[in-house]
Amino acid sequence: MRHAFDLTVELDPIREMGRGRTGRRRIIPIVGGTCEGDRIKGRVLNLGADWQTIWDGGVSELDTRYGIETHDGATIEIINYGRRFGPEDVMARVAAGKDVDPAEYYMRTHCRLETGDPRYAWVNAPLFLGTGGRRAASVVISFYEIA
């Protein structure tokens, strides 16, 4: 794997939906952020969200779709799916917005990127693996291109 970029994704407050077919449902709006990497730099756009399901037992299923505008004007879509879980006391601190070391819990994703901009066409084919953590009002995640 090769490091591709790091994201800091800014979030609006969680919108609880209640219990769905497979667990507690919620939507977390994505409202901005930054993208830093050797091949992609830019900002996270104020559009998109994370549609989460919290399963019985505490696993969070992460299902996000949002976009990046690169420093040179390209738009790249991110479709990201993952899981977050850990010891109950650690996840309670994460849920309370505490600054918890991501090494204390599991948060992994796999994502696809897509763009029509020929300068970034290389992102359309590979899959990317993400690892990161949740903060009070943001998510910090590093993405690696899977070779």
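The values are calculated or read from the model by the stated rules, or taken from the named source; none is laboratory data. All values reported here derive from a predicted model rather than from experimental measurement. Positions of Cβ are backbone-derived with ideal geometry, glycine not excepted, and every protein chain shown enters the neighbour counts.
From the set of residues in segment 76-95 that are in contact with a Lys or Arg (Cβ under 8 Å, 6 or more places away or on another chain) and charged (D, E, K, R), which is nearest to L47 (Cα to Cα)?
Taking the candidates together, the pick is E77.
If I ask for residues that are buried (at least 18 other Cβ atoms within 10 Å of the Cβ) and under 18 Å from the mean Cα position of the chain (by Cα), which ones from segment 116-128 would you list?
Listed by number, the residues that qualify are V123, F128.
I'd like to know if segment 135-144 contains one or more residues that are more than 20 Å from V31 (Cα to Cα) and modelled with pLDDT of 95 or more.
Looking through segment 135-144, at least one residue is more than 20 Å from V31 (Cα to Cα) and modelled with pLDDT of 95 or more.
Go through segment 64-109 and report how many residues are assigned to a loop (DSSP other than H, G, I, E, B) and either among the aromatic types (F, W, Y) or surrounded by 14 or more Cβ atoms within 10 Å (Cβ to Cβ) (or both).
4
Which residues, counting only those in segment 36-63, are assigned to a strand (DSSP E or B) and over 12 Å from the mean Cα position of the chain (by Cα)?
Once the filter is applied, which keeps residues that are assigned to a strand (DSSP E or B) and over 12 Å from the mean Cα position of the chain (by Cα), segment 36-63 yields E36, G42, R43, L45, N46, L47, T53, I54, S60.
Might you check whether a residue that is at pLDDT below 95, over 16 Å from I141 (Cβ atoms) and of a type outside the set (F, W, Y) occurs anywhere in segment 103-126?
no
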